[in-house]
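Colleague: Got a structure here, written out as structure tokens. Questions coming.
The values are calculated or read from the model by the stated rules, or taken from the named source; none is laboratory data. The structure displayed is predicted, hence computed values, not measured ones. Backbone-built Cβ (ideal geometry, glycine too); neighbour counts: all protein chains shown.
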Amino acid sequence: MTTLFKTVLFTSESGQAQFKREDIALPLGKPQAMLSELQSSSGYQLRWSPVGFTSEFHCTEHPQWVFILQGQMEIGLHGGVSKVFGPGEHFYSNDTLPLGERFDATVHGHWSRQVGPDPLVTLFVRD
């Protein structure tokens, strides 16, 4: 069976954001156009961020897919780990604040920023 993969940004047991890779099965369709199972969503948002955009550390409020439509987006974690995503790439953002915790920017979440010469255009699709 053919698979794709998704990068998942999640909250570990220690409360810190981390990346992991998960396979997405493609059991439907035909050999020239394999499909995953149909996934549900509750809506989407488009975002335009100018050259130079940088966020503070924050947690994802709602689990969601993030698709890069234009430009490049860097996601940074505590400890100096970061990944850059470009046009056509995506990740699943699920680094929500652990239940009962108060947000602490020295422990929780991630930051994001626009990199490169082009404004950043992203599509957020909520679960």
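Colleague: Name the one entry in T60, T106 that is on the phi < 0 side of the Ramachandran plot, among the polar types (S, T, N, Q) and surrounded by 12 or more Cβ atoms within 10 Å (Cβ to Cβ).
Modeller: T60
Colleague: State all residues of region 21-57 that are of a type outside the set (S, T, N, Q), under 24 Å from G116 (Cα atoms) and either surrounded by 12 or more Cβ atoms within 10 Å (Cβ to Cβ) or modelled with pLDDT under 95 (or both); if no residue qualifies, say none.
Modeller: R47, W48, V51, F53, F57
Colleague: Can you name the residue in region 1-20 that is in contact with a Leu (Cβ under 8 Å, 6 or more places away or on another chain) and assigned to a loop (DSSP other than H, G, I, E, B) and is also modelled with the highest pLDDT among such residues?
Modeller: Restricting to residues being in contact with a Leu (Cβ under 8 Å, 6 or more places away or on another chain) and assigned to a loop (DSSP other than H, G, I, E, B), the top hit is Q16.
Colleague: Turning to a different aspect of this structure: List the pairs whose first member sits in region 15-26 and is in contact (Cβ under 8 Å) with a residue 40 or more places away in the chain, whose second member is part of a loop (DSSP other than H, G, I, E, B) and of a type in the set (S, T, N, Q), and whose Cβ atoms are under 7 Å apart, counting only residues at least 6 apart or on separate chains?
Modeller: Here the result reads Q18/S12, each pair linking region 15-26 to a residue that is part of a loop (DSSP other than H, G, I, E, B) and of a type in the set (S, T, N, Q).
Colleague: Name the single residue, out of those in region 76-103 being of a type in the set (A, V, I, L, M) and crowded, with 17+ Cβ neighbours inside 10 Å, that is modelled with the lowest pLDDT.
Modeller: Among those that are of a type in the set (A, V, I, L, M) and crowded, with 17+ Cβ neighbours inside 10 Å, it is L97.
Colleague: State whether the residues of region 107-123 include one that is in contact (Cβ under 8 Å) with a residue 12 or more places away in the chain, within 28 Å of T2 (Cα to Cα) and part of a strand (DSSP E or B).
Modeller: Yes, some residue in region 107-123 is in contact (Cβ under 8 Å) with a residue 12 or more places away in the chain, within 28 Å of T2 (Cα to Cα) and part of a strand (DSSP E or B).
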